[in-house]
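Engineer: Handing you a structure now.
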Amino acid sequence: MGFLKKLFGTEEEKQDSKPKVKQTQPKQVKESKQESNSFLDQLELIINEAKMMVSKSPKVDTIQNLTQDIVEGFFYGNVIINFKNNLNEENQTELNISDKDITKIEKKFDALFERCEQTLESGSNKGKVNLKEYKDFKKELKQISENSYKLLLELEKHIDISTCQNRIKEFKEEIKSLGKELKIGNVESEDGSLGISIGFDGDDEDYEDSDIEEKITDFDNFSLEMDEEWLTLEDKQGGHFYGQYHISKNKKYIVGFCDGYEDASKGKSKWVAGQVYLIENKNKILWKKEIARPEHAFVNNKGVVFVVDWVSTSGELTGKIYLFDDKGKKLFEHKFDSNIGGQEISDDGEEVIITTCFPENAIYLFNLTKKELTKKINNTTKQRPLINFKFKEIKELVLNEEPYSKPKESKRKEELSPFEELMDKGYECRNSGKFKKGIDYFKEAMKIKTTGSLLKGIAYCYQGLGDFKEAIKFFEKAMEISPYQRKMLPKYIELCKRKKKSFDECSQDEIESIYLKAEGRDLKKERNF
């Protein structure tokens with residue numbers, strides 16, 4: 001499945017003067033599933049989960065208000081973060097947004113951006129991100145920069161904001177009728193005296209429903225139904241499974257998976273592990289595994305299954321991956337010290353890319369045939385964490401250890417400008433460890449023009465030589481002329497201050513410390529938010 005960044009509009013529209021607005025798939029609040037890429041579909045999923053939660057709770061205003069806050073926080077937090085992600089160099093140029101305006105926006109809304117991120121990461125809405133907050137944001141943004149405001153309006157068109165807002169209004173009305181009514185009755189004790197019993201309507205029914213759940217036991221005789229997203233299995237013994245799935249390219253294997261859940265039906269909370277099934281030719285279950293929280297799974301043409309496990313139910317920064325063969329034998333597992341971000345499988349089903357979130361923010365390339373980790377690099381893309389991506393593009397980034405830039409099809413190597421040729425040669429030298437030669441090429445390119453990427457390239461080379469003082473100087477120069485580099489380079493400056501040539505020389509604790517220092521973030525506070 002993975003998260004995909006979508007560019008909206010026709011091919012003709014992409015060539016005109018409109019800003020290139022990208023809708024990033026809405027981030028998920030805790031416990032929600034990932035089934036769709038559109039804002040409205042994702043909003044509907046969150047609303048359905050909220051309604052289910054309220055239905056099982058006492059019918060009190062506090063619970064209803066809290067749930068409404070979470071849904072509003074999910075939606076408007078995502079809109080604001082999508083705007084932030086689209087405030088890039090390309091749109092800055094097309095809409096004539098000045099560096100001065102960018103700086104004002106970053107300074108003015110820094111706290112709001114952080115509250116939105118915290119709302120989306122934590123699944124709560126203590127930051128009170130809501131419609132009022134969004135209206136104030138729009139008003140203040142228009143006062144700062146009319147052109148940035150136009151970018152926000154363009155984004156609103158792409159996500160169909162009016163339809164989403166109407167759906168939230170409907171949800172607020174629907175939720176008023178949900179929840180269990182308090183019931184009070186008389187009970188007679190063993191000694192004959194009368195007492196009072198207090199409970200909620202529907203308690204007995206809910207208890208029985210949760211108690212009759214059965215798992216598939218007949219692996220050879222069962223019915224299978226599939227739609228675009230979901231798979232249902234049922235056997236004659238009453239066993240039932242409902243979850244998402246992935247099909248191998250040769251159509252021989254299907255892997256079905258569903259998240260775990262918390263069962264409090266018997267008065268004591270208990271975590272019930274999720275399930276993963278491998279099915280062959282739609283008529284035989286080869287094996288079943290119980291895994292804490294299967295967030296996704298892939299299967300290749302040989303029946304090798306790759307499972308992504310979110311593991312934690314408490315918000316701890318962690319994640320795990322497993323590799324099983326077609327017999328269910330575990331080939332390897334790997335545990336992360338950060339939450340897992342995105343995941344994608346190659347077209348041939350032989351490789352998988354996994355990304356991790358803050359504080360590690362890394363990219364892993366795994367080979368399913370060799371049953372090993374091929375390579376790990378630090379995420380150097382514009383996205384932190386990297387969630388929306390295409391496999392081929394990020395594989396190229398991993399192998400080259402440089403941010404991927406899609407080549408312009410109309411411009412061949414021999415047609416590059418003198419500046420572009422010097423830049424290419426500079427980065428080729430940097431990647432091959434020829435740092436002094438790389439600096440020469442970059443400084444030759446400076447005679448033509450100076451860009452943030454050029455200054456960053458020089459800084460990388462000095463860092464590779466161990467000249468950290470010069471590296472910091474050029475990193476800072478790059479930040480002075482490029483708003484994008486101002487966001488990306490503080491961590492590299494902090495790395496140089498610790499006299500490290502790359503993140504590979506750092507322990508996990510050092511990486512965490514570097515990111516915290518560079519971004520001024522309090523990890524302890526974020527974990528306990």
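Engineer: Using only the Cα atoms of segment 428-475, build the gyration tensor, take square roots of its eigenvalues as a ≥ b ≥ c, and label the shape rounded, prolate or oblate: rounded if a/c is under 1.5, else prolate if a/b is larger than b/c, else oblate.
Structural biologist: Taking the square roots of the gyration eigenvalues as a ≥ b ≥ c, segment 428-475 is oblate.
Engineer: What net charge is computed for the residues neighbouring LEU152, neighbours being all others with C-beta under 9 Å from the C-beta of LEU152, Lys and Arg scored +1, Asp and Glu -1?
Structural biologist: Result for the neighbourhood of LEU152: +1.
Engineer: While we're on this one: Explain nothing, just compute: Karplus ³J(HN,Hα) = 6.51 cos²θ - 1.76 cosθ + 1.60, θ = phi - 60°, for every residue of segment 239-254 in order, whole Hz, x for Gly and Pro.
Structural biologist: So the J values, rounded to whole Hz, are x, 8, 9, 9, x, 7, 7, 9, 10, 5, 5, 7, 6, 7, 10, 10.
Engineer: Something else now. Using a/c under 1.5 as the rounded threshold, could you call segment 215-400 rounded, prolate or oblate? The axes a ≥ b ≥ c are square roots of the C-alpha gyration tensor eigenvalues, and prolate needs a/b larger than b/c, oblate otherwise.
Structural biologist: Oblate shape, in that a/c is at least 1.5 and b/c is the bigger or equal ratio.
Engineer: Under the rule of at least 5 residues apart or a separate chain, name every residue whose amide H is placed under 5 Å from the amide H of LEU286.
Structural biologist: LEU278, ILE279, GLU280
Engineer: Give me the one-decimal nm value for the distance between modelled label points at SER223 and LYS51, 7 Å along each residue's Cα-to-Cβ direction.
Structural biologist: Spacing of the two 7 Å Cα→Cβ label points: 2.5 nm.
Engineer: Let me ask something additional. For ILE354, what is the net charge nearby, where nearby means another residue's Cβ is under 14 Å from its Cβ and Lys, Arg count +1, Asp, Glu -1?
Structural biologist: Computed value for this residue: -3.
Engineer: Stokes-Einstein diffusion coefficient for segment 415-527 at 25 °C in a medium of 0.890 mPa s, Rh from the Kirkwood formula over Cα pairs: what value in µm²/s? Walk me through the numbers before you get to the answer.
Structural biologist: Numbers: Rh = 14.6 Å.
After rounding, the answer is 167 µm²/s.
Engineer: Separate question: How many nm is it between the label spots at LYS443 and ASN147, if each spot is 7 Å from the Cα in line with the beta carbon?
Structural biologist: 3.5 nm
Engineer: Classify segment 277-382 as rounded, prolate or oblate, taking a ≥ b ≥ c as the square roots of the eigenvalues of its Cα gyration tensor: rounded when a/c is under 1.5, otherwise prolate if a/b is larger than b/c and oblate if not.
Structural biologist: Oblate is the answer for segment 277-382, as a/c is 1.5 or above yet b/c matches or exceeds a/b.
Engineer: Moving on to the next point. How far is the Cα center of segment 329-395 from the Cα center of segment 230-255, in Å?
Structural biologist: Each part reduced to its Cα centre gives a spacing of 25 Å.
Engineer: Which entries in LYS100/LYS500; LYS392/LYS501; LYS252/LYS330 show an alpha-carbon gap greater than 22 Å? Can you show the working numbers first?
Structural biologist: Values: LYS100/LYS500 33 Å; LYS392/LYS501 27 Å; LYS252/LYS330 20 Å.
Long pairs (Cα-Cα over 22 Å): LYS100/LYS500; LYS392/LYS501.
Engineer: Quick one: which residues, 5+ away or cross-chain, put their amide H under 5 Å from the amide H of GLY341? H built at 1.01 Å from N.
Structural biologist: Close amide H contacts, sequence-distant or interchain: THR355, THR356, CYS357.
Engineer: Ordered by residue, what ³J(HN,Hα) values in Hz, to whole numbers, does segment 282-298 give under the Karplus form 6.51 cos²θ - 1.76 cosθ + 1.60, where θ = phi - 60° and Gly and Pro are x?
Structural biologist: Running phi through 6.51 cos²θ - 1.76 cosθ + 1.60 with θ = phi - 60° gives 6, 10, 8, 8, 7, 6, 9, 10, 9, 10, 3, 9, x, 8, 6, 8, 10 Hz.
Engineer: Mind listing the phi-derived Karplus ³J(HN,Hα) values for segment 119-136, rounded to whole Hz, using 6.51, -1.76 and 1.60 with θ = phi - 60°, and x for any glycine or proline?
Structural biologist: With the stated coefficients, segment 119-136 comes to 4, 6, 6, 8, x, 10, 9, 5, x, 6, 7, 8, 4, 4, 4, 5, 4, 5 Hz.
Since every read-out is calculated from the coordinates, none of them should be taken as a lab result. Since the structure is predicted, the reported quantities are computational estimates derived from the model, not experimental observations. Neighbour counts are summed over all protein chains in view; Cβ atoms, including those assigned to glycine, are modelled from backbone coordinates with ideal geometry.
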